[in-house]
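A.B. asks: Submitted below is the structure of interest, expressed as structure tokens.
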Amino acid sequence: MAASAGPVPVQIRLAWGSTGEDYVTRQAWRNASLPCCPAHPDGGCGFARHGTYERMDPPGTLIARWYCPEAHKTFSLLPDHLAARFPGTLARLEEVVAAAEQTSTRAEAADRLRPDDVTLPSALRWIDRRLRLVRTVLLTLITLFPDYLGGSTPSVASLAIRLGYVPCLVHLRVHYCDHLPTLPRPLGFIPPRAGASKRKKPGQQHMGADPPAQAG
């Protein structure tokens with residue numbers, strides 16, 4: 001039996017220095033490579049490529065996937081431009097959060113960001129979820145790395161000024177790539193807490209496509 005390396009994330013970074021559109025045009029998932037099983041680096045577990053799964057945004061995006069029969073888990077290579085465990089791209093997520101930070105009221109942000117036919121409470125929940133996720137990961141980074149990010153507040157505007165990068169979320173993923181297994185979504189790949197869902201095994205990635213992309 002293969003020796004396990006212990007708990008590991010089921011999403012792994014695929015270094016990608018171009019756009020999401022280029023990723024689709026070049027079908028970069030075809031050349032993505034994961035040479036050994038993350039759970040059994042010494043081999044012997046039957047680790048093998050296991051097709052792809054789809055992300056809805058950008059359209060045509062596929063993610064390369066592998067399967068370990070001993071761990072009963074799939075592992076995927078997520079390119080830098082995509083949010084982890086959340087629909088869409090990091091750049092689009094940052095755009096929404098930055099716009100919400102710049103408006104004077106949440107209702108104004110909802111009107112600006114969700115002009116489609118949704119109720120105000122639904123639009124506010126849509127915005128609040130994105131604000132909460134991004135602020136959580138930014139606060140985590142500021143707390144863990146005060147030498148580099150000290151003096152910043154957990155907002156994309158503050159981090160963009162501090163880093164000199166717009167958008168800044170992709171830059172942060174690349175800069176802290178060694179820490180992604182311990183950082184929360186949408187930047188990092190830390191698995192969900194054990195017991196967070198009775199219907200899913202802890203740490204197992206979502207197997208299907210993202211929900212349809214929201215307008216706005």
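A.B. asks: What's the Kirkwood radius of the stretch 128-189 in Å, using all Cα pairs? List each step's numbers first, then the result.
C.D. replies: Values: mean 1/r = 0.0874 Å⁻¹.
It works out to 11.4 Å.
A.B. asks: Just add up the charged neighbours of R106: K/R +1, D/E -1, any other residue whose Cβ is under 15 Å from the Cβ of R106.
C.D. replies: Numbers: positive: R112, R114, R125, R129, R130, R132, R135; negative: E101, E108, D111, D128.
With Lys, Arg at +1 and Asp, Glu at -1, the net is +3.
A.B. asks: Just grab the label-to-label distance for T153 and T105, each label 7 Å out from Cα along the Cβ direction, in nm (one decimal).
C.D. replies: Distance between label points: 2.0 nm.
A.B. asks: Any chance you could list P(r) for the stretch 59-185, counting all Cα-Cα pairs in 5 angstrom bins from zero, rounded to whole %?
C.D. replies: Values per bin, smallest distances first: 2, 10, 18, 20, 18, 13, 10, 6, 3, 1, 0.
A.B. asks: Over the stretch 1-152, average the accessible area per residue using a 1.4 Å probe and give it in Å², no decimals.
C.D. replies: Details: 7560 Å² over 152 residues.
Here the per-residue accessible area is 50 Å².
A.B. asks: Please list, short to long, the whole-number percent of alpha-carbon pairs of the stretch 1-112 in consecutive 10 angstrom bins beginning at zero.
C.D. replies: 13, 36, 25, 16, 7, 2
A.B. asks: Let me ask something additional. For labels at V24 and T52 in the simple 7 Å Cα→Cβ model, what's the distance in nm?
C.D. replies: 1.2
A.B. asks: Which three extents, in angstrom, do the Cα atoms of the stretch 14-80 have along their principal axes, listed largest first?
C.D. replies: Its Cα atoms span 37, 20, 15 Å along the three principal axes.
A.B. asks: Express in nm, to one decimal, how much length is gained between N31 and L124 on full extension, taking 0.36 nm for each residue of separation and deducting their alpha carbon distance. If you can, show how the numbers build up before the last one.
C.D. replies: Details: separation 93, 0.36 × 93 = 33.48 nm, distance 4.00 nm.
That pair, N31 and L124, stretches by 29.5 nm at full extension.
The values are calculated or read from the model by the stated rules, or taken from the named source; none is laboratory data. This structure is a prediction, so every number in the text was calculated from the model and none was measured. Backbone-built Cβ (ideal geometry, glycine too); neighbour counts: all protein chains shown. Side chains included, ligands, DNA and RNA excluded: accessible areas come from the protein's heavy atoms. Shrake-Rupley method; radii C 1.70, N 1.55, O 1.52, S 1.80 Å.
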